[in-house]
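The values are calculated or read from the model by the stated rules, or taken from the named source; none is laboratory data. A quick note: this is a predicted structure, and the numbers were derived from the prediction, not measured. When we count neighbours, we look across all protein chains shown, and the Cβ atoms used for this are built from the backbone with ideal geometry, even at glycine.
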Amino acid sequence: MGAARLYVAVAAGGFRRYATYRAATAAGVFTNTVFGVILVHTYLALWDERPHLGGYDQAQAVTYVWLGQALLAGLAIQGGGFENELMERIRTGDVAIDLYRPADLQMWWLASDLGRSLFQLLGRGVVPFVVGALFFPVALPDDPLIWLAFGVAVVLGAVVSFGIRYLVALSAFWLLDGKGMLQLLMITGVFCSGMTLPLNVFPGVLGEVVRALPWSALLQLPADVLMGKADPLGAYVFAVAWAVVLLVGGRLLESAATRRVVVQGG
Amino acid sequence: MESSRPVGGLRAYGLIAGMWIRSSLAYRASFAMTVLGNLLLSGLDFVAILLMFSQVDALGGYRLPEVALLYGLSVTSFGLTDLMCNSLGQLGQRVRDGTLDTLLVRPAPVLAQAAADRFALRRVARLTQGMLVLGYALVAVDVDWTPLKVLLLPVMLVSGAAIFGAVFVAGAAFQILVQDAAEVQSAFTYGGTTLLQYPPTVFGKELVRGVTFVLPLAFVNWVPAAYVLGRPYPLGLPEWAAFAPPLVAVGCCALAGLAWRVGLRSYRSTGS
């Protein structure tokens, strides 16, 4: 399978590329840890007032915070993956070269982004999580099967995250300047994924809406799978459904873009 | 003939910032949209606080208007600093690609140039959002206002902005040594303003001690606001500590200035 080898090579390239910047990775780990400490205290105060808020006890709320810090960079929850680069290539017209390559544009970037994801999950996610688990009360399962189920949920989350960001990146074919869209991506990412507050704490209709959006597959579902709050199969179905919708949407948008839009530079 | 260095620095800052403002206003629609976007983005953490208060009546013993006061003070003073010298947070990039050299050969103070570099007027969004929340807090909060307490408000904002400014300058000096440390700086700047949005009672004693005595961010709002709200500060500081922010700010700025000189002197260009 030549194609599979190609995408594995692209993914490995994405992994190595991010692995190059050790000081930046260490700096990121430090920042994630600091924000984790701040957030944990606010959550503890909140759960002090309302024990079992959103169905979590204190240890589960703390676990949720550290999962958020661990997944933030890896799943590019507030953006910051391949999309900046692809948008820049669309703006400058370099994307025309990508379209000539004997590889699928979407699969190419998916492979590269999954490589980046894997590095950042390991390089930036593990240390803050371990620090959090050592210094704060957390609720972690002993069963390795649950950890495996959690791993699958994270991978699906990475694909959903890619699907969202691919659509955002393609918008540059029409808008050229992607700043506004990137900002929108950041706002929706931070708010709808549950980075600020677990989605099951959101009140009423607002809560039901955000829990049905694709962003809930990034943090809320993996967290609930790990803490035994959600049935893994149900979570997978939800994530896979959104991944398919987003990826197919990406392909449709891509073909519309390449057919109707004259690439920059004639 | 020659004007003094601080005046020259301010003049250079004004000229460079003015240039960036004119360039950003060239695309008015894009500018308006990014301001709106920044306003939303900056408001998200207050939305999170509102969501918390949709579930509880008090957080760490503080009610919503009191938390809003802390939030407003923190975000307004940080917003002022963020508007004026945000690009200091990205100085490492200039060191990495060697463009810091350009600033060194120009006849204007490097710090003024680095701070005004890529001045982004859209950052007024955070300042505006902070002031809106502060306005709400001042209307809603239950305080026996005395002339002293009223006077303390602008003093807090200016001192707070200066304390954050010192963190930005010290961070920039550190980035000359470690170019990839931009995120470490964010932990103290954005992390700092986030920390101060919540009551000190929420955090552990050690953490509160650290940001009071080591990195004195607590003087941006926690300590003086405790006096305004008539609440005891967790560490039992004497009452006059509430009026210390200007002194703390001056001290921080002096230390940051020193760090900046050391950092700049140790600068080695990329060598190509």
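Scanning the range B:160-209 for residues that are more than 17 Å from A:Phe35 (Cβ to Cβ) and of a type in the set (Asp, Glu), we see that the one that is farthest from the other protein chains (Cβ to nearest Cβ) is B:Glu206.
When A:Ser216 is tested against the conditions (1) modelled with pLDDT under 95; (2) under 16 Å from the mean Cα position of the chain (by Cα); (3) more than 14 Å from chain B (Cβ to nearest Cβ), the lone failure is (1).
Quick check, is B:Asp97 out of contact with any helix residue (DSSP H, G or I) (no Cβ under 8 Å at 6 or more places or on another chain) and of a type in the set (Asp, Glu)? Yes, satisfied.
At least 2 residues that are without any contact (Cβ under 8 Å) to a residue 24 or more places away in the chain in each: list the helices (runs of 4 or more DSSP H) lying fully within the range A:1-97 that qualify.
Numbers: elements: A:2-19, A:22-49, A:58-74, A:83-92.
Helices (runs of 4 or more DSSP H) meeting the threshold: A:2-19, A:22-49, A:83-92.
Here B:Ser4, B:Ser42 are screened, and the one residue that is over 22 Å from B:Val133 (Cβ atoms) and either surrounded by 14 or more Cβ atoms within 10 Å (Cβ to Cβ) or out of contact with any helix residue (DSSP H, G or I) (no Cβ under 9 Å at 6 or more places or on another chain) (or both) is B:Ser4. I'd like the full set of residues that are surrounded by 19 or more Cβ atoms within 10 Å (Cβ to Cβ) and within 15 Å of B:Leu196 (Cα to Cα), limited to the range B:215-228. Result: B:Pro216, B:Leu217, B:Ala218, B:Phe219, B:Val220, B:Asn221, B:Trp222, B:Val223, B:Pro224, B:Ala225, B:Ala226.
Taking each residue of the range A:219-241 that is closer than 18 Å to A:Leu71 by Cα and looking for partners that are hydroxyl-bearing (Ser, Thr, Tyr) and crowded, with 24+ Cβ neighbours inside 10 Å with beta-carbon atoms closer than 6 Å, six or more apart or interchain, yields A:Leu219/A:Ser193; A:Ala223/A:Tyr64. Listed by first and then second residue, the pairs with beta-carbon distance under 9 Å, at least 6 apart or on different chains, first residue in the range B:184-205 and closer than 13 Å to B:Ile49 by Cα and among the β-branched types (Val, Ile, Thr), second modelled with pLDDT under 95 and in a helix (DSSP H, G or I), are B:Thr194/B:Asp45.
Which residues, counting only those in the range B:65-100, are farther than 20 Å from B:Val150 by Cβ, within 14 Å of chain A (Cβ to nearest Cβ) and crowded, with 20+ Cβ neighbours inside 10 Å? Hits for the range B:65-100 are B:Val67, B:Gly89, B:Leu91, B:Gly92, B:Val95. Would you confirm whether any residue within the range A:234-241 is outside any helix (DSSP H, G or I) and modelled with pLDDT of 95 or more? No. Among the residues making up the range B:28-48, those that are in contact with a Lys or Arg (Cβ under 7 Å, 6 or more places away or on another chain) and under 14 Å from A:Thr188 (Cα atoms) are B:Asn38, B:Ser42. Has the range A:132-142 got any residue that is closer than 26 Å to A:Ala19 by Cα and surrounded by fewer than 17 Cβ atoms within 10 Å (Cβ to Cβ)? Looking through the range A:132-142, at least one residue is closer than 26 Å to A:Ala19 by Cα and surrounded by fewer than 17 Cβ atoms within 10 Å (Cβ to Cβ). For the range B:1-60, the set of residues classified as within 30 Å of B:Val141 (Cβ to Cβ) and among the aromatic types (Phe, Trp, Tyr) consists of B:Phe46, B:Phe53, listed by residue number.
Out of B:Ala166, B:Ala161, B:Ala181, B:Ala170, one residue alone is at pLDDT below 95 and of a type in the set (A, V, I, L, M, F, W, C). It is B:Ala181. Do you know which residues across the range A:31-80 are of a type in the set (Gly, Ala, Ser) and more than 11 Å from every other protein chain (Cβ to nearest Cβ)? Residues satisfying the conditions are A:Gly55, A:Ala59, A:Ala61, A:Gly68, A:Ala70, A:Gly74, A:Ala76, A:Gly79, A:Gly80.
If only residues of the range B:238-252 that are surrounded by fewer than 18 Cβ atoms within 10 Å (Cβ to Cβ) and free of Cβ contacts under 8 Å to residues at least 40 places away in the same chain are counted, the one that is farthest from B:Ala137 (Cα to Cα) is B:Gly251.
Restricting attention to the range A:139-180, the residues being without any contact (Cβ under 8 Å) to a residue 60 or more places away in the chain and not in a loop (DSSP other than H, G, I, E, B) number 8. Of the residues screened, B:Leu51 is one that is free of Cβ contacts under 8 Å to residues at least 12 places away in the same chain, within 14 Å of chain A (Cβ to nearest Cβ), within 30 Å of A:Pro51 (Cβ to Cβ) and crowded, with 16+ Cβ neighbours inside 10 Å. Looking only at residues in the range A:190-213 that are hydrophobic (A, V, I, L, M, F, W, C) and surrounded by fewer than 18 Cβ atoms within 10 Å (Cβ to Cβ), the one that is nearest to the other protein chains (Cβ to nearest Cβ) is A:Leu206. B:Gly61 satisfies every condition listed in (1) within 19 Å of B:Ala226 (Cβ to Cβ); (2) crowded, with 21+ Cβ neighbours inside 10 Å except (2).
Among the residues of the range A:169-189, those identified as surrounded by 19 or more Cβ atoms within 10 Å (Cβ to Cβ) and more than 13 Å from every other protein chain (Cβ to nearest Cβ) are A:Ala169, A:Leu170, A:Ser171, A:Ala172, A:Phe173. One residue stands out among those in the range A:219-236 that are over 17 Å from A:Ala139 (Cβ atoms) and of a type in the set (Gly, Ala, Ser): the one that is nearest to the other protein chains (Cβ to nearest Cβ), which is A:Ala235.
No other residue among A:Leu46, A:Leu110 is in contact with a strand residue (DSSP E or B) (Cβ under 7 Å, 6 or more places away or on another chain), under 30 Å from A:Asp224 (Cβ atoms), buried (at least 22 other Cβ atoms within 10 Å of the Cβ) and at pLDDT 95 or above apart from A:Leu46.
For residues in the range A:1-16 being under 30 Å from B:Phe188 (Cα atoms) and touching a helix residue (DSSP H, G or I) at 6+ places or on another chain (Cβ under 7 Å), which is surrounded by the fewest Cβ atoms within 10 Å (Cβ to Cβ)?
Within the range A:1-16, the first condition is being under 30 Å from B:Phe188 (Cα atoms), and the residues that meet it are A:14-16.
This time we only want the ones that are touching a helix residue (DSSP H, G or I) at 6+ places or on another chain (Cβ under 7 Å), so: A:14-15.
Numbers: A:Gly14: 23, A:Phe15: 19.
Per the criteria, the residue is A:Phe15.
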